[in-house]
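Bear in mind that the values in this text are calculations on the coordinates, not laboratory data. What you see is a predicted model, and the numbers here were worked out from it, not measured in a lab. Here Cβ is always computed from backbone atoms with ideal geometry, including for glycine, and neighbour counts include all displayed protein chains.
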Amino acid sequence: MLRLLMIITGLLLSTAAKSAVILQYHHVSDDTPASTSISPDLFAQHMAYVEELGYQVVPLSELVANLRNGEAIPDDVVAITFDDGYSDNMAAIKAEIVPRGWPFTIFVPPLLIDQRIRGYMSWNELNELKTLGGELSNHSWEHNHLAAKLPGESDEAWLARFREDLLKAEARIEAMTGESHRILAYPYGEFSPEMLEVLAEEGFAAVGQQSGAVGALSDLGHLPRFPFGGPYGTVEDFHTKVRTLAMPVESVVLTSADETLVSHILDYGSPWPQAHITLQDDSGIRVTGINCFASGLGAQTVVAEGENSFSVVADGALQKGRSRYNCTAGSNQRHRFYWFSVPVVQLDQDGNWVD
Ligand SMILES: [Zn+2]
């Protein structure tokens, strides 16, 4: 019995230490909106750095399969993803990824591909990228705010609509490319707890846009990715993020005025919730050494709640739209930080999502 316990503990320790980082890009171009673009030159520097580090680039489907099957993920692993299927991705992929023989994933909203909208790739181009090592995956049918209910819509009707959208998109991608990985990238990174149940029932994993590294404890319903574009993705920023380690977080509970919240999606005018985060036992991370930052407000006071738990509540107003807490901690590896992010959303006055 004791021996078994020791083996189990050893297993937990070894899986907790493994980390993968999922990179998220939109445009790779000098001529597209800055907030969702990085320049081809900067993209080349990102890829050169991944090569220099000697990290293994794996298909996202392989990383998800490891997590689904409860297998240990290899250490120092990177997956490269592009959202939306923009035409400018083609040149960047051919210049920087294909020559290195790396896999990559493109998340597409099939309706926008079907409509041949200017600036998006065609199915032919996507199929060409497939032959060059690309995986094609689900970015919803038409890139809507999936977590938003229509006016007067019941929860049941909304979730049925989400399920239909998810499966219709998956079927269309499979029909046009033969690909079906059952991995969704949430448009705008938006999800709600109810949607996670639908995804699990349909056997889907999903990636968000909350930053952080992926580890054995990551939730398959909202895997973190590091988005690059606008201010994010400078050489220095990339060097830090690509080397991050998964903070072994066992649970996150959000509260407001000591009431537990059922969702991270909050009504207009809500204050920042308090996030209570519990780490895995024996994580080796001292909670007194954790730093947390709130969107737009900078560093916040972190309160130790126990040997493995801490909380943070931002000192300032919560803005409309998407915000997050980013928490980091030093590791025993030089220049490598544990990173974990908690998304928070505030709806606008009319209960709508903000772009
Ligand atoms: Zn998108």
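Of the residues F204, F337, the one with the fewest other Cβ atoms within 10 Å heads the list, and the complete ranking is F337, F204. Summarising the amide proton neighbourhood of K320: residues at separation of 5 or more, or on other chains, whose placed amide H is nearer than 5 Å comprise an empty set.
Taking the inverse of the mean 1/r over every pair of distinct Cα atoms in the chain gives a Kirkwood hydrodynamic radius of 21.0 Å.
Toward the positive end of the charge dipole of the stretch 2-245, about the Cα centre and with charges on Cβ (Lys, Arg +1; Asp, Glu -1), which of H145, P231, V242 goes farthest? Of the candidates, V242 comes out farthest on the positive side. In a reduced charge model with +1 at each Lys and Arg Cβ and -1 at each Asp and Glu Cβ, the chain shows a dipole moment near 760 debye about its Cα centre.
A Gaussian network model of the chain, with springs between Cα atoms under 10 Å, assigns the largest mean-square fluctuation among R225, R163, R118 to R118.
Comparing G296, Y325, V345 along the charge dipole axis of the stretch 249-346, the residue lying farthest to the positive side is G296, per the Cβ-charge model. Based on other C-beta atoms within 10 Å, arrange F340, F226 from fewest to most. Ordered from fewest to most neighbouring Cβ atoms within 10 Å, F340, F226 come out as F226, F340. Sorting K241, K320 from the fewest to the most surrounding beta carbons within 10 angstrom yields K320, K241. DSSP beta bridges in the chain, what fraction antiparallel, as a percent rounded to 5? So the antiparallel bridges amount to about 55 percent of the total. Summing charges over all other residues whose Cβ lies under 12 Å from the Cβ of G351, with Lys and Arg as +1 and Asp and Glu as -1, gives -2.
Projected onto the charge dipole of the stretch 157-257 (+1 at Lys/Arg Cβ, -1 at Asp/Glu Cβ, origin at the Cα centre), which of A171, P187, S211 gives the Cα projection farthest towards the positive end? The one lying farthest along the dipole's positive direction is S211.
Note on the chain: GNM, Cα springs under 10 Å; of E259, E62, E164, the largest mean-square fluctuation is that of E259. Highest GNM mean-square fluctuation among Q210, Q115, Q274, for the chain modelled with Cα contacts below 10 Å: Q115.
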